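Below: one structure, written as C-alpha cells.
The values are calculated or read from the model by the stated rules, or taken from the named source; none is laboratory data. Small disclaimer: the values here were computed from a predicted structure and weren't measured. Backbone-built Cβ (ideal geometry, glycine too); neighbour counts: all protein chains shown. The protein model used for the area step is the full one, side chains on, heavy atoms only, and it has no ligands, DNA or RNA in it. Shrake-Rupley method; radii C 1.70, N 1.55, O 1.52, S 1.80 Å.
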Amino acid sequence: MKFHIISLGCTKNTADSEKIANIFAQSGFTWVNNPQESDLLLINTCGFINDAKEQSLSVIMESVSLKDNLPSGKALKIAVFGCLVKRYYNEIKSQIPEIDYLFDFFNEKNLKELISLNKQNDASCFNPARFFTPPHIGILKIAEGCDNRCSYCAIPNIRGPFVSLDEKSILDNAQELAESGAKELSVVAQDITRYGTDKGKECSLPSLVKKLSKIKGIEWIRLHYMHPRGLTVKLINELYSIDKVVPYFDIPLQHVSPKLIEAMNRHTTLEHMIEILSHIRSAYPSGAIRTTFIVGFPSETPSDFNKLINFIEEYPLDRVGAFMYSPEEGTPAFNFSRKVSPKVKQSRLDRLMTLQQLIIEEQNKKLIGQTLDVIVDSVENGSAKCRTKFDAYEVDNSTTIHKCDSLKPGQIVKVKIVHADAYDFTAELIV
Ligand code: SF4
C-alpha cells in the first residue's frame with residue numbers, strides 16, 4: 001500500500017510525522033512523494049492560531065477532493081489527526097464526512113487499525129529514513145505539552161500538561177537519527193527548559209544534552225524554544241559549555257512591556273529577560289539570539305508598543321519573528337477587553353519588522369570577512385545552500401557558496417563570508 005503524510009505546523013509535529021512515517025514504512029507501506037499517488041493519505045494538522053487552522057482546513061479539503069477524480073479501481077483512504085482535530089473533532093467529523101479516519105493523536109489502537117489496512121506484512125529490509133527533512137538533519141522531540149499557560153496560547157489545552165519523554169527513548173531516537181545520517185540535531189519541545197521538572201527534579205536538560213553530545217555522527221546540537229522563565233545564567237552556562245551545542249539562543253520573549261508580560265502570563269520580568277540577554281552577549285559574543293514577539297495583544301497601547309521598538313534598538317537581536325495577536329477561543333486572553341484593531345495590529349507588525357530588517361542587516365554585516373563553519377543543506381546548479389551555526393533549518397538565513405558543486409549535503413565546511421544582507425549570506429569555500 002502506498003502512503004503519504006502531509007505534516008503541517010511546528011517542528012514538534014514534524015518529529016511526530018517522521019516517527020509515524022518510519023512506523024508505516026517498517027510495516028511494509030511504500031512512501032510516495034506525491035499525495036495523489038497514495039492509497040492512504042495522512043494529514044498531521046496544526047490548530048495553534050487562525051492562519052494555521054485555515055491552512056490545515058484547506059489542505060484537508062484539497063485532499064478529500066482527490067477522491068472525486070480517482071482512476072477506476074483505485075481507492076483512497078484519508079486519515080486526519082493532530083492539533084486541529086484535538087480542538088475541533090466534532091465540527092470536522094460532522095462537516096467533512098469524506099475523512100475515513102479521524103482522531104486527535106496517534107495511539108497504539110489507531111496505529112494498529114491503520115497498519116492493518118496493508119495486507120503485506122513487515123518490510124523485509126527496513127532502514128530508518130528521513131521523510132520531512134534532509135537526512136543530515138534530525139528533529140528530536142524531548143517532551144509533550146506545556147504548563148506555562150501563556151494567556152494567548154491554546155497549546156496547553158491541545159497538548160496537555162508538560163511531560164518529559166523518557167530519557168532512554170530520547171537517546172534511542174537520537175541514535176537512530178544519527179545512524180540514518182543526522183549531523184545536526186534540533187532539540188525541540190514547547191519549552192525545553194522544563195525538561196525533567198515534571199519528574200520533581202531540577203531541569204535535567206544539561207545531563208540529557210551531555211549524553212546526546214556523545215552520540216557518534218552528531219556534530220551540531222541546536223537547542224530550540226527556551227522560555228525565559230526557565231532560563232538562568234547557570235543553566236545557560238551548563239548547556240552552552242557542552243561540546244557540539246551551537247551558540248544559537250532560541251528564546252521567545254513575546255513582549256517587553258511589564259504590563260503585557262504580566263497580561264500574557266509569561267511568569268517572568270523585563271529585568272530577568274535583560275539579565276539573560278546581557279549574559280549571553282558578554283559570555284557568548286559570537287552567539288546568535290533568536291526570538292519572537294507578539295504585537296496587538298489586548299490592551300497594548302502605543303506606549304507599550306514603543307517600549308518594544310526601543311527595546312529592539314537598545315538590545316539588537318539577530319533573528320526575529322513577529323506575529324499579530326490571534327484571539328483563540330478557550331484561552332484566557334480571548335475574553336480580555338481593549339482589543340487592538342486588525343489595522344493597528346498590521347501597522348505595528350510592519351513597523352517592527354521594517355526596523356528589525358535594518359537591525360539584522362547590520363548584525364549580519366558584522367560577519368563579513370569572518371571565517372565560519374557552515375553545514376551544506378543542498379547543492380543545485382553548481383551552488384551550495386548552507387547554514388551557519390547561527391541559522392536554524394527552514395527558519396533563519398541561508399549561506400550560498402557559488403561555483404561549488406563538489407560539496408555534499410551534510411558536509412560541514414569552513415567558509416569566508418563575503419556578502420551579507422538581512423536574510424542571506426554569500427561565502428567563499430576555504431579549502
Ligand atoms: S510556553 Fe506559552 S506559548 Fe509556548 S507552548 Fe507553552 S503556553 Fe504556549
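A few comments on the model shown:
- Ile251 vs. criteria open to solvent by less than 20 Å² (accessible area, probe 1.4 Å), β-branched (Val, Ile, Thr), in the same structural domain as Arg348 (by TED's automatic domain parsing) and within 13 Å of the ligand (Cβ to nearest atom): yes
- Of the criteria (1) open to solvent by 20 Å² or more (accessible area, probe 1.4 Å); (2) under 14 Å from Asn118 (Cβ atoms), which one Leu42 fails: (1)
- Matching residues, the range 212-271, being among the acidic types (Asp, Glu), in contact with a helix residue (DSSP H, G or I) (Cβ under 8 Å, 6 or more places away or on another chain) and not in a loop (DSSP other than H, G, I, E, B): Glu238
- Taking first residues from the range 136-153 that are modelled with pLDDT of 95 or more and partners that are in a strand (DSSP E or B) and open to solvent by 20 Å² or more (accessible area, probe 1.4 Å), the Cβ contacts under 7 Å between residues at least 6 apart in sequence or on separate chains come to Ala143/Val163; Glu144/Val163; Gly145/Val163.
- All positions within the range 170-214 that are under 17 Å from His136 (Cα atoms) and buried (at least 20 other Cβ atoms within 10 Å of the Cβ): Asn173, Ala174, Leu177, Ala182, Lys183, Glu184, Leu185, Ser186, Val187, Val188, Leu212
- When Arg149 is tested against the conditions (1) within 14 Å of the ligand (Cβ to nearest atom); (2) loosely packed, with under 14 Cβ neighbours inside 10 Å, the lone failure is (2).
- Cross-chain or 6+ apart pairs with Cβ under 6 Å, the range 338-359 first and within 11 Å of Glu300 (Cα to Cα) and open to solvent by 30 Å² or more (accessible area, probe 1.4 Å), then part of a loop (DSSP other than H, G, I, E, B) and not acidic (Asp, Glu): Arg338/Pro298; Arg338/Ser299; Lys339/Pro298
- The lone criterion from (1) within 23 Å of the chain's Cα centre (by Cα); (2) surrounded by 18 or more Cβ atoms within 10 Å (Cβ to Cβ) left unmet by Glu394 is number (2).
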